[in-house]
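Visitor: Here you go, one structure.
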Amino acid sequence: MKFSLEKAATGLLVLFAAAMMIPSCTRHATQAGRSPVQPGVNPAEKLFQQGWQAEVAADYARAAEAYEKAVAADLSYAPAWRHLGRVALLQNDPQRALDRLGRALQLEPRDAVALHWRGDAYLKLYQPAKAIPDYQRAAELEQELIERAEIYHSCGLAFIQLGDFKQALEQYSKAVRWRPGDGRNYFDRAVILRKFGRLAEAQQDLAIAVTLSPDNGDARLERGGVFYQLGQFAAAIPDLQRAVELDPTSALAWQLLGESSLRVKRYDEAEKALTKVIALDPNNPRLHLNLGIAHVNTGRIENALEDFAASLRLRPDYAEAFLERGRAYMLSGRYEKAREDMQQALSLYPASEEAKLMLRQAGENIAALSKPPSKPAAKPVPTPAPAVSRATPPVPAKAPADPRAAEAHWRAGRDFIYAHQYVKAIEELNAAVLLKPGYAEAFNARGFARLLMKEYTSAIADFDMALKLSPQYANAMHNREVAVKAAREEKMRQAGARQAAPAAPSTSSTLESAEARYRRAKELINARQYAQAIDEFSRAIQLRPDYPQAYNARGFAWLLMGEYSRAIADFNQALHHLPDYANAYHNRAAALKASLKKERDVVAAKTPLP
């Protein structure tokens, strides 16, 4: 939170000019039996007016000189002592301000303005325990609502210095109540609400703060941060873009903008923002990592490798950087280097399933590439073609499949596996085995994609075919064992769940369990682990068959995986249970549109070019 006593001083000076300062002088003069309008009767009054004009003009040295002359002329003239303290505060001399404001309060102990300013002086000296009683007493004495709101705002800052955020929240709420048109009060209260995890309330306050002050960069940044924290990355981007326009030097705003753009796959924008923030904060390894991920997704693999190397120079034990660099090496075909990075990632984070899978795939690719090329079959001796009747044209022989095309589909399928796009991977690998039916590596890779999707029966069938074609294929043997074990464990888990389930479970416990599964599945979707998410959604639906949100979310996961027919079926189920479910209607329309496009693409691919 940014707060400037100097900026606040200027605002307070204007506000107090007519309402507080001159009436204070009048009260003092009246009590002394002298009128301030009679020239020469009280020289302190005239000197005070000169100091006041200089203070309004921000000429604090001249103002202090005039106020010193005023108190020299009349030591009991409290307004001059008060403003001597104010000027000292504005000149960043809080110790001298305390002395002058103390003299003013000795003369007028119920001076709310002097108490407020003395609280500000204590706050500048980081003595909040002394500032708070002055603010509280000033709030009791102050009659003007706007000025009382300022006092509560300052008191909130003091409680923050003291570390009592609950009391700070209470003070900001009072400031909002007494001055609802001041965006600062909503902003500062939102900062505390966010600290307490009350994000919805913080959003409401920040919406008001931005409405009242559209060009408040801090409010824009804070609201963008709340959206980011809620996972609403697309909503965060406009606020963060405005924040960096208002303050191009804000590293945090650029970082959140880059990471939000990355999350919604706006990779070019992510690259620009992350490049900006690295210029401001070059020693942050996370920034280099995220820029590398953006570069991978825009096809700039070499730039990405440089980014990951920079991240690892700054943090040599960064497992995620090894993992992402290994992925980039895999995509560029440098499998030995990929294997080294995956081994490093696993040594730092042994529980990483993704690193294990890619390490195994890198080894498979290395083994496949190290195989000696098979000898071409001996060409048969050509025999003369039989005579063909001119009335019947000869049927042209089918052109042999190009093995290079099959390998290209195999490589594309593997790349889709690394990108967690398993349905697309299977489509590519289907094309590979169609072009080359004896392609053991393609069957093994397709089985591996199906294993990741938990389609164990189909996966085992693919591994069996790979082993039939290449009986000594070690990687296929290993994968088959994993699939068989996973299928067995899944059957046991399902059987155990049925046996362990009570005959008549309570509705509340069933709903709680289904809700827990649903929340876990949504986390898996955010982590791009779609197959595992589908499994969790399915369990939630087993526990609660009339759960429209679970059907809709599972359909969305199928949609992301390109399984459009399954997605549409789930959206239909969601609408069956909740006919007014707008989000399910939207998702079903998206799935239907994607399905039609896929069908058109297939037809276009089969149609020969003229």
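The values are calculated or read from the model by the stated rules, or taken from the named source; none is laboratory data. In this text, all values refer to a predicted model and were calculated from it rather than measured experimentally. A quick note on method: Cβ atoms are made from the backbone with ideal geometry, for glycine too, and the neighbour counts reach across all protein chains shown. The accessibility values were calculated without ligands, DNA or RNA, using every heavy atom of the protein model including side chains. Shrake-Rupley method; radii C 1.70, N 1.55, O 1.52, S 1.80 Å.
Visitor: Quote to one decimal, in nm, the extra length available between Gln472 and Leu357 on full extension: 0.36 nm per residue of separation minus the C-alpha distance between them.
Guide: 39.3 nm is the gain from fully extending Gln472 to Leu357.
Visitor: When all protein chains stay in place, what accessible area (Å², nearest 10, 1.4 Å probe) is found for Ile568?
Guide: 30 Å²
Visitor: In the full protein assembly as shown, how much of Val482 is accessible to a 1.4 Å probe, in Å² to the nearest 10?
Guide: 50 Å²
Visitor: In nm, to one decimal, how far is the modelled label at Lys593 from the one at Tyr126, with both set 7 Å along Cα→Cβ?
Guide: 5.6 nm
Visitor: Give me the Å³ per residue figure for the convex hull around the C-alpha atoms of region 253-327.
Guide: 72 Å³
Visitor: What distance in nm lies between label points placed 7 Å from Cα along the C-beta direction at Ala234 and Glu306?
Guide: 3.3 nm
Visitor: Further question: How much net charge surrounds Ala243 when only other residues with a Cβ under 12 Å from its Cβ are counted (Lys, Arg +1; Asp, Glu -1)?
Guide: -3
Visitor: Going from most exposed to least, what order do Lys491, Lys485 have by accessible area with a 1.4 Å probe?
Guide: Of Lys491, Lys485, the descending order of accessible area is Lys491, Lys485.
Visitor: Once amide H atoms are built 1.01 Å from N in the peptide plane, which residues 5 or more positions from Gln127, or in another chain, come under 5 Å H to H?
Guide: Amide H to amide H, under 5 Å and 5 or more residues apart or across chains, Gln127 pairs with nothing.
Visitor: With each pseudo-label sitting 7 Å past Cα toward Cβ, what's the His576-Asp268 distance in nm, one decimal?
Guide: Reported label-point gap for His576 and Asp268 is 4.4 nm.
Visitor: OK, next. Before anything else, pin down the relative contact order of region 178-329: Cα pairs under 8 Å, at least 6 apart, normalised by residue count, whole percent.
Guide: 13 percent
Visitor: If Lys195, Lys356 are ordered by their accessible area, calculated over protein heavy atoms with a 1.4 Å probe, which sequence runs from highest to lowest?
Guide: Accessible-area ranking of Lys195, Lys356, largest first: Lys195, Lys356.
Visitor: For a test of the definition: using alpha carbon positions, the gyration tensor, and the 1.5 limit on a/c, classify region 58-135 as rounded, prolate or oblate.
Guide: oblate
Visitor: Pro133: net charge of surrounding residues, Cβ under 12 Å, Lys/Arg +1, Asp/Glu -1, itself excluded?
Guide: Around Pro133, the charge tally is +1.
Visitor: Working out 0.36 nm times the residue gap between Arg411 and Ala527, then minus their Cα-Cα distance, what length gain in nm do you get to one decimal?
Guide: That works out to 39.3 nm of additional length.
Visitor: Fully extended, how many nm does the chain gain between Leu199 and Leu162 (0.36 nm per residue separation, minus their Cα-Cα distance)?
Guide: Result for the pair: 11.0 nm of gain on full extension.
Visitor: For the pairs Lys265/Lys337; Lys265/Lys522; Lys424/Lys593; Lys356/Lys424; Lys272/Lys356; Lys337/Lys424, note any where the Cα-Cα span goes beyond 29 Å.
Guide: In this structure, Lys272/Lys356 lie more than 29 Å apart at Cα.
Visitor: Roughly how many Å is it from the Cα centre of region 517-562 to that of region 132-153, as a whole number?
Guide: Value for the Cα centre distance between the two parts: 54 Å.
Visitor: So what is the relative contact order for region 238-285, in percent, with contacts set as C-alpha pairs under 8 Å and at least six apart?
Guide: Relative CO of region 238-285 lands at 33 percent.
Visitor: Through the Karplus equation 6.51 cos²θ - 1.76 cosθ + 1.60, θ set to phi - 60°, convert the phi angles of region 117-132 into ³J(HN,Hα) values in whole Hz; use x for Gly and Pro.
Guide: Going residue by residue, I get 5, 5, x, 4, 5, 4, 5, 5, 8, 6, 10, x, 5, 8, 5, 4 Hz, with x marking Gly and Pro.
Visitor: Just to check I understand the Karplus step: with θ = phi - 60° and J = 6.51 cos²θ - 1.76 cosθ + 1.60, what whole-Hz values come out for region 164-172, glycine and proline as x?
Guide: My calculation for region 164-172 gives 9, 6, 5, 5, 4, 4, 5, 5, 5 Hz in order.
Visitor: Under the definition of Cα pairs under 8 Å and six or more residues apart, what whole-number percent is the relative contact order of region 174-259?
Guide: With pairs under 8 Å counted, the relative contact order is 21 percent.
Visitor: Once phi is turned into ³J(HN,Hα) by the Karplus curve 6.51 cos²θ - 1.76 cosθ + 1.60 with θ = phi - 60°, what whole-Hz value does each residue of region 559-572 show in order, with x for glycine and proline?
Guide: Along region 559-572, the couplings run 4, 5, 8, x, 8, 6, 5, 5, 4, 4, 4, 5, 5, 4 Hz.
Visitor: When only the heavy atoms of the protein chains count and the probe is 1.4 Å, how do Arg480, Arg539, Arg360 rank by accessible area, highest first?
Guide: Ranked list, largest accessible area first: Arg480, Arg360, Arg539.
Visitor: Additional query: Set the Förster distance to 41 Å, then compute FRET efficiency between Ala207 and Asp59 from the Cβ-Cβ distance, nearest 0.05.
Guide: 0.50
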